[in-house]
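Undergrad: Can you keep this structure in mind? I'll have questions shortly.
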Amino acid sequence: MFISFEGTEGVGKTTLIRKLYEYFEAAGQQVVLTREPGGTPLAEQIRSLLLAVNHSESMSSDTELLLMYAARAQHIQEVIQPALKQGKLVLSDRFTDASYAYQCAGRGLSKDKLSILNQTFVNCMPELTFWLDAPIELGMSRARERGELDRFEQEKMTFFSRVRAGYEELSLQYPERVKRLDATQAPDRVFEAALEHLEARI
């Protein structure tokens with residue numbers, strides 16, 4: 001099974017993924033824990049380019065999108081597909097929904113560009129996606145507490161409002177796959193809510 005985790009900054013994705021990883025491992029399931037952009041050595045190098053704040057020139061939205069998909073193509077071929085073929089459970093911190101939310105809804109890029117990239121390079125999709133949702137102000141407050149902000153985290157509140165709206169649109173378009181979790185709750189409650197969806201699915 002392939003499960004992805006989505007949301008704006010500071011909503012607790014990492015905490016939930018770690019809790020589910022430990023839960024499934026304790027149950028004897030083989031689990032692969034991965035992330036986007038990243039997941040392989042080469043894709044992690046691309047991640048560094050995407051998150052860096054000290055570029056000598058501004059990164060265009062098209063460049064950002066293509067770098068995301070360069071990392072994603074490597075990630076799918078080297079990590080996700082092999083793990084699924086071996087019957088493992090894949091937990092990925094972000095996947096294609098993030099590109100819709102951040103690059104289309106957030107940056108304003110055409111959905112057609114994303115559709116072409118998905119059709120060309122993405123040959124697997126999550127069976128289940130957890131969208132951790134919280135007010136932008138709360139998420140950014142948490143992100144600032146973690147330390148220095150990366151290039152995305154330094155965006156304006158209006159950008160993240162568009163991203164959040166993009167996730168909401170996806171949850172309405174794909175209600176069977178995208179499940180909203182109230183990320184204002186305590187981590188244990190978010191974990192319990194995720195388990196409820198998983199038990200209903202399995």
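Undergrad: List the number of the failed condition for Ser92; all other conditions in (1) over 30 Å from Met157 (Cβ atoms); (2) open to solvent by less than 50 Å² (accessible area, probe 1.4 Å); (3) touching a strand residue (DSSP E or B) at 6+ places or on another chain (Cβ under 7 Å); (4) not acidic (Asp, Glu) hold.
TA: (1)
Undergrad: Moving to a separate point now. Can you find even one residue in region 38-52 that is buried (at least 16 other Cβ atoms within 10 Å of the Cβ), among the polar types (S, T, N, Q) and on the phi < 0 side of the Ramachandran plot?
TA: Scanning region 38-52, I find at least one residue that is buried (at least 16 other Cβ atoms within 10 Å of the Cβ), among the polar types (S, T, N, Q) and on the phi < 0 side of the Ramachandran plot, so the answer is yes.
Undergrad: Tell me yes or no: at least one residue of region 45-66 is under 28 Å from Leu198 (Cβ atoms) and polar (S, T, N, Q).
TA: no
Undergrad: A follow-up question, please. How many residues, within region 3-23, are touching a helix residue (DSSP H, G or I) at 6+ places or on another chain (Cβ under 7 Å), more than 14 Å from Ala98 (Cα to Cα) and of a type in the set (Phe, Trp, Tyr)?
TA: Counting residues in region 3-23 that are touching a helix residue (DSSP H, G or I) at 6+ places or on another chain (Cβ under 7 Å), more than 14 Å from Ala98 (Cα to Cα) and of a type in the set (Phe, Trp, Tyr) gives 0.
Undergrad: Right, something else. Quick check on this structure: which one of Arg180, Arg144, Arg107, Arg164 is open to solvent by 20 Å² or more (accessible area, probe 1.4 Å), out of contact with any His (no Cβ under 8 Å at 6 or more places or on another chain), closer than 24 Å to Tyr23 by Cα and of a type in the set (Lys, Arg)?
TA: The match here is Arg180.
Undergrad: Scan region 81-103 and give yes if some residue there is at positive phi and in a loop (DSSP other than H, G, I, E, B), otherwise no. If you could, list the steps in order and put the result at the bottom.
TA: Our first condition is that a residue be at positive phi; within region 81-103, this holds for 87, 94.
Still in the running and in a loop (DSSP other than H, G, I, E, B): 87, 94.
There is at least one residue in region 81-103 that is at positive phi and in a loop (DSSP other than H, G, I, E, B).
Undergrad: Looking only at region 71-106, which residues are farther than 21 Å from Leu132 by Cβ and touching a residue at least 12 places away in the same chain (Cβ under 8 Å)?
TA: Across region 71-106, the qualifying residues are Ala71, Ala73, Gln74, Ile76, Glu78, Val79, Gln81, Ala83, Leu84, Gln86, Gly87, Lys88.
Undergrad: Quick check, is Leu65 over 25 Å from Ile116 (Cβ atoms), crowded, with 16+ Cβ neighbours inside 10 Å, under 18 Å from the mean Cα position of the chain (by Cα) and at pLDDT 95 or above?
TA: So Leu65 fails the test.
Undergrad: Let me ask something additional. Considering Glu137, Glu155, which residue is out of contact with any helix residue (DSSP H, G or I) (no Cβ under 7 Å at 6 or more places or on another chain), at pLDDT below 95 and outside any helix (DSSP H, G or I)?
TA: Glu155
The values are calculated or read from the model by the stated rules, or taken from the named source; none is laboratory data. Since we're looking at a predicted model, the values are computed, not measured. Using ideal geometry, Cβ is built from the backbone for each residue, glycine included, and neighbour counts are taken over all protein chains shown. These area figures cover heavy atoms from the full protein model, side chains too; ligands, DNA and RNA do not enter into them. Shrake-Rupley method; radii C 1.70, N 1.55, O 1.52, S 1.80 Å.
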